[in-house]
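Novice: Below you will find the structure I want to go over with you.
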Amino acid sequence: MSFVKRVLRMAFSWLEAGLDRIFTPACNPLYHLGALGFLYYWVVAATGIYLFIFFDTGITEAYGSIDSITYEQWYLGGVMRSLHRYASDGMVAIMMVHMLREFSLDRYRGARWFTWFTGLPVLWMVFAAGISGYWMVWDMLAQYIAIATTEWLDWLPIVGGTIARNFLNPARLDDRFFTLMVFMHIFVPLFLLFVLWIHLQRLTRPVINPPRLLAGGTLLMLLVLSVVKPAESQPPANLDLVPSQIGLDWFYLPAYPLMDMLGNGMVWGLVAFGTLLFVVLPWLPPLRRAAEKAAVVDLANCNGCTRCAEDCPYAAIEMGRRTDGRPFDRQAVVSTDLCVACGICVGSCPTAMPFRRASELIPGIDLPETPIRELRDRVHEAAEGLAGDTRIMVFGCAHGYDASALAGPGVAALRIPCIGMLPPAFIDYVLSRHLAEGVVLAGCSEGECHNRHGVRWTVDRLARARDPMLRKRVPRERIETVWAPLAEGWTHRRRIADFAARLRRLAAEEAAGGPGKAAE
């Protein structure tokens, strides 16, 4: 399984790098899969309301009403039907890619199990809503789906083999069938919205709207597709005939050919196995790693400032009443079930100051496996190995490009759980103590941080727009940031080489008493 995840991760990384160049990181579709799923949902909902206004639920009227919508008012109704169809397909495609990508990134186990687990009912309901929608058209495809689905359900002993008989004799089918289909087709998406709300409960600041440019491009793509290749019905259903040749929607109906080839029992087995695998996947080996031990609070250094709670991407920190008698109103409380040990809370803590020497460096909140005092020790150890006149210290995200591959005589590299874990004071510390001439922060792509907000908070801290801020005394020209996908090792090496050349120019200016000297 680890091999499969590595292959998928590299494939996604190369794809991300290519799409970054086409769409820019801000509008890369792979970075907004969840938000795009919501966009498709709203398109389906809006067009579905319009179609429902003109839909007749009678056994003989259903096909005719859809035909009228498609052809008699093709300029609006036909486009609406096509948008409804293609947005539904897009929702399935986005959902599958999103699931594979989260699996490849290992973002489904540990504290993230809840979000993964609640994705299962989303999966089932999207397919249930789509299949019931195909039934409502009541053409030859709908007839085939109805017979195949009911025969599949009849295979279960608890059903008793009675449902499919309703579709073998025209006398057994009446208007109540379409009333039931309409109810299912409306109720399931409404309940799906509630499940999606639950799905996002363990995320802070969830993004449910894609960037405007990406949303506009997606809507334009759907509109063009709807005009160029409009959705149309197949011949009307006829229960006196057995459908022989039909065109399938492979987004929603890939299991139906398997029913014919493998049999209903085998397909039930595959569905049961797939569902069970989806459910137990977060608890299959390897289990939660030791490095993922939750953050711990040291009340002696916690003043209840709330920064860690505000910056946590996973709602793992709450502010509770003070319990140690110190003159502060609140204290940070970490939920071990929600914490993923990204360390972003450490980067936000004002007491994570490497300059501290009078007492032991223990911040108000810290990671037990990668404590901040250990990071300071590693900084000094790495600085001792640097040589040359353009010494560079790289802080790299553990989920991005391997920073150790960038190390050399003039470059030292340290990996941390997330780039958001690094307090800005560490940059000041490295430069003011002359441990290096420049600092490089290397993390995930700017459009997609593995821990959601690590890159964003770091950018804001460097820009002095978010606490803790980079001090004004720190020369910004001696800091370089590289936000790039895992596959873009060449980008990291090129940017570091350019940064080294810039540092040499600064050194020359300082020696000549120029701008570099003034900046210092």
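The values are calculated or read from the model by the stated rules, or taken from the named source; none is laboratory data. On a predicted model such as this, the values are computed, not experimentally measured, just so you know. For neighbour counting, all protein chains shown are included, and Cβ atoms are generated from backbone atoms with ideal geometry for every residue, glycine included. To get the accessible areas, we keep the full protein, side chains included, count just its heavy atoms, and leave off ligands, DNA and RNA. Shrake-Rupley method; radii C 1.70, N 1.55, O 1.52, S 1.80 Å.
Novice: Among the residues of region 51-83, which ones are modelled with pLDDT of 95 or more and of a type in the set (Ser, Thr, Tyr)?
Specialist: Answer for region 51-83, where residues must be modelled with pLDDT of 95 or more and of a type in the set (Ser, Thr, Tyr): just 82.
Novice: Residues being under 28 Å from the mean Cα position of the chain (by Cα), more than 18 Å from residue 185 (Cβ to Cβ) and open to solvent by 40 Å² or more (accessible area, probe 1.4 Å): count how many of those fall in region 44-103.
Specialist: Qualifying residue count for the region: 5.
Novice: Return the residue satisfying two criteria in turn: it lies in region 308-325 and is more than 22 Å from residue 369 (Cβ to Cβ) and out of contact with any Leu (no Cβ under 9 Å at 6 or more places or on another chain), and of such residues it is modelled with the lowest pLDDT.
Specialist: 325
Novice: While we're on this one: Would you check which residues across region 206-246 are in contact with a helix residue (DSSP H, G or I) (Cβ under 7 Å, 6 or more places away or on another chain) and polar (S, T, N, Q) and list them?
Specialist: Those that are in contact with a helix residue (DSSP H, G or I) (Cβ under 7 Å, 6 or more places away or on another chain) and polar (S, T, N, Q): 209, 218, 226, 233, 234.
Novice: Determine, yes or no, whether residue 249 is in contact (Cβ under 8 Å) with a residue 24 or more places away in the chain, open to solvent by less than 70 Å² (accessible area, probe 1.4 Å), part of a loop (DSSP other than H, G, I, E, B) and in contact with a strand residue (DSSP E or B) (Cβ under 8 Å, 6 or more places away or on another chain).
Specialist: For residue 249, the condition - in contact (Cβ under 8 Å) with a residue 24 or more places away in the chain, open to solvent by less than 70 Å² (accessible area, probe 1.4 Å), part of a loop (DSSP other than H, G, I, E, B) and in contact with a strand residue (DSSP E or B) (Cβ under 8 Å, 6 or more places away or on another chain) - is not met.
Novice: How about region 314-408: which strands (runs of 3 or more DSSP E) wholly inside it have at least 3 residues that are open to solvent by 20 Å² or more (accessible area, probe 1.4 Å), without any contact (Cβ under 8 Å) to a residue 60 or more places away in the chain and more than 30 Å from residue 511 (Cα to Cα)?
Specialist: 317-321, 330-334
Novice: Under 30 Å from residue 309 (Cα atoms) and among the hydrophobic types (A, V, I, L, M, F, W, C): does that describe residue 194?
Specialist: Details: under 30 Å from residue 309 (Cα atoms): yes; among the hydrophobic types (A, V, I, L, M, F, W, C): yes.
Taking the combined requirement at face value, the residue satisfies it.
Novice: Among the residues of region 256-271, are any among the acidic types (Asp, Glu) and surrounded by 16 or more Cβ atoms within 10 Å (Cβ to Cβ)? Break it down into steps so the answer makes sense when it comes.
Specialist: Step one: filter region 256-271 for residues among the acidic types (Asp, Glu), giving 260.
Imposing the further condition that a residue be surrounded by 16 or more Cβ atoms within 10 Å (Cβ to Cβ) reduces the set to none.
No, region 256-271 contains no residue that is among the acidic types (Asp, Glu) and surrounded by 16 or more Cβ atoms within 10 Å (Cβ to Cβ).
Novice: OK, next. I need a count of the residues in region 200-220 that are among the hydrophobic types (A, V, I, L, M, F, W, C), under 14 Å from the mean Cα position of the chain (by Cα) and farther than 14 Å from residue 40 by Cβ.
Specialist: Total meeting the criteria: 3.
Novice: Could I ask something else about it? Taking interchain pairs and intrachain pairs at least six residues apart, which have beta carbon atoms under 6 angstrom, with the first residue in region 178-197 and closer than 18 Å to residue 95 by Cβ and at pLDDT 95 or above and the second surrounded by 17 or more Cβ atoms within 10 Å (Cβ to Cβ) and hydroxyl-bearing (Ser, Thr, Tyr)?
Specialist: Every condition considered, no pair remains.
Novice: Mind checking which residues of region 409-423 are within 20 Å of residue 374 (Cβ to Cβ) and touching a residue at least 60 places away in the same chain (Cβ under 8 Å)?
Specialist: Matches in region 409-423: 416, 417, 418, 420, 421, 422, 423.
Novice: Mind checking which pairs have a first residue in region 91-109 that is free of Cβ contacts under 8 Å to residues at least 60 places away in the same chain and a second that is outside any helix (DSSP H, G or I) and crowded, with 18+ Cβ neighbours inside 10 Å, Cβ under 6 Å, 6 or more apart or different chains?
Specialist: 102/108
Novice: Just one of the numbered conditions (1) crowded, with 18+ Cβ neighbours inside 10 Å; (2) without any contact (Cβ under 8 Å) to a residue 40 or more places away in the chain is not true of residue 211; which one?
Specialist: (2)
Novice: Any chance region 38-50 includes a residue that's farther than 30 Å from residue 201 by Cβ and either touching a residue at least 24 places away in the same chain (Cβ under 8 Å) or part of a loop (DSSP other than H, G, I, E, B) (or both)?
Specialist: Within region 38-50 (the criterion being farther than 30 Å from residue 201 by Cβ and either touching a residue at least 24 places away in the same chain (Cβ under 8 Å) or part of a loop (DSSP other than H, G, I, E, B) (or both)), the answer is yes, since at least one residue qualifies.
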